[in-house]
Amino acid sequence: MSQLRETLEANAEAVDALVAALRRCSPVWHEPLAPGKWSPAQLGEHVARTLDEAANVVLGRRTTLPSVPALFRPLARILFRRALRKGSLPRSRTTPELDPQGGPETPEEAAGRLQTSLQRFRDSCLEARQEGDRIRHPAFGNVALSECARFVALHTLHHTRQLPGG
């Protein structure tokens, strides 16, 4: 199996784990996990938006993700590589474009939204692979497609761990 296909399988497993954790949060679905934090509904919406925007990035389409100036991309790429090496993302704030104001009404709606976004991301990666192994990321610059996909899986797992029992 190719590295990209393995990484896409890891994305599917990460989304499955997130969906399972979101379903366990049904009794507190719209309640923030802590003061100033997102609710499970918002967290699921954030991850779905991220998958949607990642699909745009890998296809070279317009994205709402902010572009890092070329001068700072080497630093961003160092942080990107560190996350890949460690297998986890550091604590950070999201961009306003990915900050959800609300989310799906139920865990089941979130599951459907996440699966649709995951499929779109998967299809986009497979389509982009036809053009080559590298993509242009607005923050990290020229990176391997499989590394970008792995970063997306790490992002999903990062948020799964924020949920009770995640």
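The values are calculated or read from the model by the stated rules, or taken from the named source; none is laboratory data. Computed from a predicted structure; not experimentally measured. As a convention, Cβ positions derive from the backbone with ideal geometry for all residues, glycine included, and neighbour counts pool all protein chains shown.
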Query raised in the report: Do we have any residue at all in the range 103-110 that's closer than 15 Å to residue 15 by Cα and either of a type in the set (A, V, I, L, M) or buried (at least 17 other Cβ atoms within 10 Å of the Cβ) (or both)?
Result: yes
Requested in this report: Kindly establish whether residue 53 is assigned to a helix (DSSP H, G or I), out of contact with any Cys (no Cβ under 9 Å at 6 or more places or on another chain) and either β-branched (Val, Ile, Thr) or more than 19 Å from residue 10 (Cα to Cα) (or both).
Outcome: no
Query raised in the report: Any residue in the range 23-38 that is outside any helix (DSSP H, G or I), among the acidic types (Asp, Glu) and exposed (fewer than 15 other Cβ atoms within 10 Å of the Cβ)?
Result: yes
Query raised in the report: Is it fair to say residue 73 is out of contact with any helix residue (DSSP H, G or I) (no Cβ under 9 Å at 6 or more places or on another chain), crowded, with 16+ Cβ neighbours inside 10 Å and either closer than 20 Å to residue 164 by Cβ or not acidic (Asp, Glu) (or both)?
Result: yes
Query raised in the report: Looking at residue 82, is it surrounded by 14 or more Cβ atoms within 10 Å (Cβ to Cβ) and under 17 Å from residue 148 (Cβ atoms)?
Result: no
Query raised in the report: What are the residue pairs meeting all of these: first residue in the range 83-98, first residue without any contact (Cβ under 8 Å) to a residue 40 or more places away in the chain, second residue assigned to a loop (DSSP other than H, G, I, E, B) and surrounded by 10 or more Cβ atoms within 10 Å (Cβ to Cβ), Cβ atoms under 6 Å, and 6 or more apart or on different chains?
Result: 95/66
Report summary line: Restricting the range 121-159 to residues that are over 11 Å from residue 59 (Cα atoms) and among the aromatic types (Phe, Trp, Tyr), the one modelled with the lowest pLDDT turns out to be 140
Requested in this report: Scan the range 56-70 for residues that are exposed (fewer than 13 other Cβ atoms within 10 Å of the Cβ) and either of a type in the set (Lys, Arg) or in a helix (DSSP H, G or I) (or both) and jot them down.
Outcome: 61, 62, 70
Query raised in the report: Are any residues in the range 117-144 in contact with a Leu (Cβ under 6 Å, 6 or more places away or on another chain) and either within 17 Å of residue 65 (Cα to Cα) or not in a helix (DSSP H, G or I) (or both), and if so, which ones?
Result: 117, 121, 124, 133, 135, 138
**Report entry** Tally of residues being surrounded by fewer than 10 Cβ atoms within 10 Å (Cβ to Cβ) and among the charged types (D, E, K, R) across the range 85-102
**Finding:** 3
Query raised in the report: Going through the range 1-40 one residue at a time, which ones are touching a Pro at 6+ places or on another chain (Cβ under 6 Å) and of a type in the set (A, V, I, L, M, F, W, C)?
Result: 22, 25, 29
Query - Failed condition for residue 9, given (1) under 15 Å from residue 152 (Cα atoms); (2) modelled with pLDDT under 95 - result: (2)
Query raised in the report: Hey, any hits in the range 87-99 for a residue that's among the hydrophobic types (A, V, I, L, M, F, W, C) and closer than 14 Å to residue 153 by Cα?
Result: yes
